[in-house]
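Right, one structure below, let's go through it.
No value in this document is a laboratory result; all are computed from the given coordinates. Predicted, not measured: the structure shown is a model, and the values here were computed from it. FYI the Cβ positions are ideal-geometry reconstructions off the backbone, even for glycines, and counts take in every protein chain you see.
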Amino acid sequence: MGRIGTWLLVVGVAGLGVAATVDAVRGGPDAPESEPPATTETDPAEDEEPAPERWSRRAVAELEAGGARGALLVANADCEVTELELPSLVASRQGRPACGFTISPGGWIGAEPRVLAPGAEVIARPREEFVELFGDGSRLLARVTGTGPAWTPDGRLTVLRDGGLVAVSPCDEEWSCEEEILSRGELARLFGRNPWSFRAPVLVEAAWLSRGTYAALVRDVELGQSAIAVLRGADLVGGPPFVYDELEALRASPRGGFAAARVGERGLVVVDGRGSFVGTTFRAASAIAWSPDELWTAFATGEGVYLVRTGRGNRPLLLPYDGVDVAWR
């Protein structure tokens with residue numbers, strides 16, 4: 001595929017249909033209203049240029065000016081992956097299929113469900129009640145009891161076990177050294193009180209923001225409610241004071257500044273590294289990814305992939321790719 005053309009648009013936030021709030025929760029805040037984009041004068045020579053080429057040129061210029069670098073990977077519903085070079089937006093189809101991506105600290109991207117360790121020397125693959133670890137491509141290194149594999153920035157594997165979180169690392173040439181980071185009892189102490197008042201909380205996903213801090217999805221199996229929060233070991237850093245019917249696909253940003261989870265099939269909740277709620281116009285999206293420097297954010301929606309400068313109210317760029325997942329490398 002060549003440079004983005006026919007359907008590339010630069011759109012104003014105020015006109016987005018995806019701005020519908022899907023917090024679908026108890027007391028979720030509304031997204032802040034955005035001002036309509038300012039009108040700009042155009043060069044008469046530009047009026048003679050075909051609209052798709054004009055939009056493409058402007059988008060590339062904006063990405064260039066904003067320091068967007070690397071490549072954007074977009075997976076569609078047919079598990080086809082398109083790679084977009086940035087800022088040029090030159091597109092190519094990747095030969096290896098992927099229906100989704102896993103992202104580990106340091107920006108290591110795996111094809112779901114494989115989870116790459118930082119440095120990609122070890123790959124974790126979940127298998128029902130245990131996790132298989134592979135090295136040298138396909139050599140089985142170990143089987144670890146637990147689910148929901150996630151890597152810490154320093155290369156330890158963490159797994160969910162008995163509703164809590166356990167770190168596993170190699171010793172004596174085997175992955176047998178373990179450390180309990182969070183027990184189910186400690187989880188009940190943290191989330192059994194206001195604002196969540198969970199009765200039977202269990203940890204269902206974890207994603208590491210730094211060596212000692214991780215984002216967590218907590219589920220009350222009795223109430224059928226979920227919450228997102230940031231923890232440091234067994235201590236609560238913070239989290240939005242509301243519950244959701246369903247949260248999944250937890251993902252951390254490359255530098256640990258943000259974490260996000262999907263609400264149902266299409267919706268997002270985003271928090272910062274302190275667990276505070278971060279408003280975003282694109283909550284009606286299926287996936288999110290940040291640039292390695294976290295200056296740009298990509299959202300996969302039913303309308304295409306939106307690129308926007310992180311934390312700014314400027315107008316986003318719409319790329320014509322129906323993505324169910326997105327990753328930035």
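Observations on the structure shown:
- Among the GluC sites (Glu not before Pro) in the stretch 231-316, those located in a DSSP loop and surrounded by at most 10 other Cβ atoms within 10 Å of their own Cβ are GLU265.
- This ranking places CYS177, CYS99 by how few other beta-carbon atoms lie within 10 Å of each, fewest first, which gives CYS177, CYS99.
- With N as its number of residues, the stretch 64-203 has a Cα radius of gyration that, divided by 2.2 N^0.38 Å, comes to 1.29.
- Evaluated at q = 0.24 Å⁻¹, a Debye calculation over the C-alpha positions of the stretch 100-182 (equal weights, vacuum) places log10 I(q)/I(0) at -1.25.
- Computed E for GLU294/ARG125 - FRET, C-beta separation, R0 25 angstrom, nearest 0.05: 0.35
- Full-extension gain in nm, ARG114 to ARG58, via 0.36 nm per residue minus C-alpha separation: 16.4 nm
- Nearest-0.05 FRET efficiency for ARG199 and SER176, computed from C-beta distance (R0 25 Å): 0.10
- Taking the three principal axes of the alpha carbon atoms in the stretch 163-321, the coordinate ranges are 47, 42, 23 Å, sorted in descending order.
- Length-normalised contact order for the stretch 100-182 - Cα pairs under 8 Å, 6+ apart - percent: 17 percent
- Sparse-neighbour loop sites [trypsin sites (Lys or Arg not before Pro); the stretch 220-275; at most 13 other C-beta within 10 Å; DSSP]: ARG274
- Separation of the ASP162 and GLN94 label points, Cα + 7 Å toward Cβ, nm: 3.8 nm
- Label point 7 Å beyond Cα of THR147 along Cβ direction - residues of the stretch 213-237 with amide nitrogen under 18 Å: 216-228
- For ARG274 and ARG189, the difference between the fully extended length at 0.36 nm per residue and the C-alpha to C-alpha distance is 28.7 nm.
- Dipole magnitude of the stretch 100-182 about its Cα centre (Cβ charges: Lys, Arg +1; Asp, Glu -1), debye to nearest 20: 340 debye
- Counting other Cβ atoms within 10 Å as a rough exposure proxy, the listed residues TRP328, TRP108, TRP296 run TRP108, TRP296, TRP328 from fewest neighbours to most.
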